[in-house]
Amino acid sequence: MDTQALTKKANDYIRLEKDAFFRGQVEKLLADGDWTELNDRFYTDLAFGTGGLRGVIGGGFNRMNMFTVSRATQGLANYIVKAVPEGASAVIAYDSRNFSDSFALQAALVLAANGIKTYLFTSLRPTPELSFAVRRLGASAGIVVTASHNPSEYNGYKVYWNDGCQVTSPHDTDIIKEVLAVGDAVKTVEKGEALSSGKLVMIDKEVDVPFINMVKNCAIRPKLLKDGGKDLKVVYTPLHGTGAMPVDTALREMGVDVIFVEEQKAPDGNFPTVNYPNPEEASAMKLSLDLAQKVGADLVLGTDPDADRLGTAAPDGGKFVLITGNQLGALLADYIFSACKEMGKMPAKPAFIKTIVTTELQRLIADDYGAATFDVLTGFKYIGEKIREFETGSDGYKYMFGGEESYGYLVNTDCRDKDAVSAATMTVEMALYHKSHGRTLLDQLRAIWKKYGYFQEALISKTFKGESGLNTMNGLMEKLRKDPPALFAGQKVSYVKDYSDGTTFTPSTGSRDRNINLPSSNVLQFILEDGSVVTVRPSGTEPKIKFYVSCRSERGMELDGAMKAVAGKIGAISKELNGIADAA
């Protein structure tokens, strides 16, 4: 640890940071001689990745603070000005996290200082509304200040282009180049001056109303909701985030009243009732499950802080059972395709999009209704990119539904990012439809398994913090590439997909074919002889490696036996993956 170099970096930051709170943190660390903490805050700069920024809030070049937000936004502004020489504009939204409003305003003032007309929401709004607003206002770009479902110490922001989709190639890499070239040359302007010049415009209802109307228009059976919505008891938690207003408003206007988890209704960046504000976590949904049991609910909904992820639960045999992201995606695909077919709304060439780590059960369902399935890399921007290809291409495909295993779904094309608001209303419609036919969502899920075979998935996340952790992650991926396992839980690896170079390796023949037509990504996928799939992917936004496991039974197996057999496979493979990660 070079304390002299750390001191220089810390003093450089103190000179550049205009915010007294963040500047004071570093001044105190220097005064205390806390070199370990200083090293963590300065050993690298917080990276502007292909989606934007995300990091721990605090003073330092490796933290989310006013300076790092300003510098990143200056780089984005430089790119926007080059890409859109005249009439450039941007929209900014933010969630309930600590400093989100301050970071959003600072980003807006940097953009305004660079001559870019910037629309800023007057208060917190969900990520899908930002995506919608970019398209609605014809903006050149968008920013949403959020760290999604991360713990409370994190914040960040995601960047969108003029189609409402998170930036993809070539915009993403070119923006990164501009950010890296900024140095200390950051422009800004006072809020009053930005407002009086017209470069900063505050917005709310002019986007809120059309956004809610869009959500309502997603309904396939709106009359069902209008006539029977009061018969469905829905418990909902926004997990202290942005979802309360849009979810409640849309459902109420459609005919359904939600029962809020009052302890989690108010926005709060400290997320006082949960360790992780993530509807994927059972602990985050506990209060909603307890309330649902108490009131005899038919459905539980939960959204993360920026309301792009949706968690659900349904009653089953006297208790409430959480539905996984893969399972809800299968249920929604089944409902959307069957309802559109019944209502005469199925297009000539329906299209379904899923990520490479999402269950293959959804492909089987889409196939059954004649819908083409398109696989994309993990990251919802690739789903948005594929929708754009459908709209501009000549193949005639029409997007019907898409999603990812991590609780993200899109049931419309007016947003180009995962949309938990519209997904929530569609899930309510689906639950009401099945209730009107005397079954719960779990009943319908069992019917799907009986038809297509039982599928079960598991996710193992291993965190590697700091500089040494990054090196460990890289070393593990290199080892798996050079010396891939031949077996998982006694099942031979039939072939290995390496998405970094687009090749498929077949161990039995030693052949390697370049046959993956997707952008390069640091992902390895092992396809086993029984159809099980093991995927290894370092996260692009967090210091962790994710291991995805998906196992299936044959069609026609008795369900209890199938579930037991598949659970055994999942357990054995997961144990081996934990061993691989712990040995890294």
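The values are calculated or read from the model by the stated rules, or taken from the named source; none is laboratory data. Keep in mind that this is a model prediction, so the values were computed, not measured. Methodologically, a virtual Cβ is constructed for each residue, glycine included, from the backbone with ideal geometry; neighbour enumeration extends over all protein chains shown. Remember, those area values only see protein heavy atoms, side chains included, never the ligands or the DNA or RNA. Shrake-Rupley method; radii C 1.70, N 1.55, O 1.52, S 1.80 Å.
See the values below:
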{"quantity": "Only listed residue being surrounded by fewer than 24 Cβ atoms within 10 Å (Cβ to Cβ) and closer than 17 Å to ILE448 by Cα, chosen from ALA339, ALA351", "calculated": "ALA339"}
{"quantity": "Residue in segment 492-499 that is acidic (Asp, Glu) and surrounded by fewer than 15 Cβ atoms within 10 Å (Cβ to Cβ) present", "calculated": "no"}
{"quantity": "Tabulated pairs, segment 373-390, first under 13 Å from LEU518 (Cα atoms) and open to solvent by 20 Å² or more (accessible area, probe 1.4 Å), second in a helix (DSSP H, G or I) and at pLDDT 95 or above, C-beta under 6 angstrom, 6+ apart or interchain", "calculated": "PHE374/LYS386"}
{"quantity": "Filter pass, ARG23 being touching a strand residue (DSSP E or B) at 6+ places or on another chain (Cβ under 7 Å) and basic (Lys, Arg)", "calculated": "no"}
{"quantity": "Residues (acidic (Asp, Glu) and surrounded by fewer than 24 Cβ atoms within 10 Å (Cβ to Cβ)) located in segment 82-107", "calculated": "GLU86, ASP101"}
{"quantity": "In segment 301-321, the residues that are open to solvent by 10 Å² or more (accessible area, probe 1.4 Å) and within 14 Å of ARG446 (Cβ to Cβ)", "calculated": "PRO315, ASP316, GLY317, VAL321"}
{"quantity": "Qualifying residue in segment 419-429 (condition: without any contact (Cβ under 8 Å) to a residue 60 or more places away in the chain, closer than 27 Å to THR127 by Cβ and under 21 Å from the mean Cα position of the chain (by Cα))", "calculated": "no"}
{"quantity": "Boolean, THR324 is surrounded by fewer than 24 Cβ atoms within 10 Å (Cβ to Cβ) and among the polar types (S, T, N, Q)", "calculated": "yes"}
{"quantity": "Any hit, segment 502-522, residues being crowded, with 19+ Cβ neighbours inside 10 Å and assigned to a strand (DSSP E or B)", "calculated": "no"}
{"quantity": "Qualifying residue in segment 108-118 (condition: within 23 Å of the chain's Cα centre (by Cα), touching a residue at least 24 places away in the same chain (Cβ under 8 Å) and surrounded by fewer than 24 Cβ atoms within 10 Å (Cβ to Cβ))", "calculated": "no"}
{"quantity": "Single match in GLY51, GLY24, GLY55 (criterion: over 30 Å from ILE175 (Cα atoms) and open to solvent by less than 70 Å² (accessible area, probe 1.4 Å))", "calculated": "GLY24"}
{"quantity": "Residue in segment 268-286 that is more than 26 Å from the chain's Cα centre (by Cα) and either farther than 19 Å from GLY403 by Cβ or in a strand (DSSP E or B) (or both) present", "calculated": "no"}
{"quantity": "Among (1) over 30 Å from VAL295 (Cβ atoms); (2) in contact with a Gly (Cβ under 6 Å, 6 or more places away or on another chain), the one test that ALA181 misses", "calculated": "(2)"}
{"quantity": "Residue ID - least open to solvent (accessible area, probe 1.4 Å), chosen from residues in segment 28-48 that are closer than 25 Å to HIS149 by Cβ and aliphatic (A, V, I, L, M)", "calculated": "LEU46"}
{"quantity": "Residue check for ASP560: open to solvent by 70 Å² or more (accessible area, probe 1.4 Å), part of a helix (DSSP H, G or I) and without any contact (Cβ under 8 Å) to a residue 60 or more places away in the chain", "calculated": "yes"}
{"quantity": "Filter result (more than 26 Å from the chain's Cα centre (by Cα) and open to solvent by 30 Å² or more (accessible area, probe 1.4 Å)) within segment 461-484", "calculated": "SER468, GLY475, GLU478, LYS479, ARG481, LYS482, ASP483, PRO484"}
{"quantity": "Breaking point among (1) farther than 28 Å from PRO246 by Cβ; (2) buried (at least 24 other Cβ atoms within 10 Å of the Cβ); (3) of a type in the set (A, V, I, L, M, F, W, C), for VAL159", "calculated": "(1)"}
{"quantity": "Close pairs (9 angstrom Cβ cut-off, 6 or more residues apart or separate chains): closer than 19 Å to GLU17 by Cβ in segment 182-198, open to solvent by 80 Å² or more (accessible area, probe 1.4 Å) anywhere", "calculated": "ASP184/ARG15; THR188/LYS18"}
{"quantity": "Within segment 282-305, tally of residues that are acidic (Asp, Glu) and closer than 16 Å to PRO272 by Cα", "calculated": "1"}
{"quantity": "Residue list for segment 219-243, filter: among the hydrophobic types (A, V, I, L, M, F, W, C) and open to solvent by 20 Å² or more (accessible area, probe 1.4 Å)", "calculated": "LEU224"}
{"quantity": "Considering residues of segment 186-218 that are under 30 Å from ASP290 (Cα atoms) and β-branched (Val, Ile, Thr) only, the residue surrounded by the most Cβ atoms within 10 Å (Cβ to Cβ)", "calculated": "VAL215"}
{"quantity": "Evaluation of PRO151 against (1) open to solvent by 30 Å² or more (accessible area, probe 1.4 Å); (2) out of contact with any Lys or Arg (no Cβ under 9 Å at 6 or more places or on another chain) (one fails), failing number", "calculated": "(1)"}
{"quantity": "Matching residues in segment 38-65 - criterion: being over 23 Å from LYS381 (Cα atoms) and small (Gly, Ala, Ser)", "calculated": "GLY58, GLY59, GLY60"}
{"quantity": "Matching helices (runs of 4 or more DSSP H) fully within segment 135-249 where at least 3 residues are at pLDDT below 95", "calculated": "171-180"}
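This table checks each residue for (1) modelled with pLDDT of 95 or more; (2) over 19 Å from THR50 (Cβ atoms).
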site: PHE505; (1), (2): yes, yes
site: GLY510; (1), (2): no, yes
site: ILE527; (1), (2): yes, yes
site: GLY531; (1), (2): no, yes
site: VAL534; (1), (2): yes, yes
site: THR541; (1), (2): no, no
site: ILE545; (1), (2): no, no
site: CYS551; (1), (2): yes, yes
site: GLU554; (1), (2): no, yes
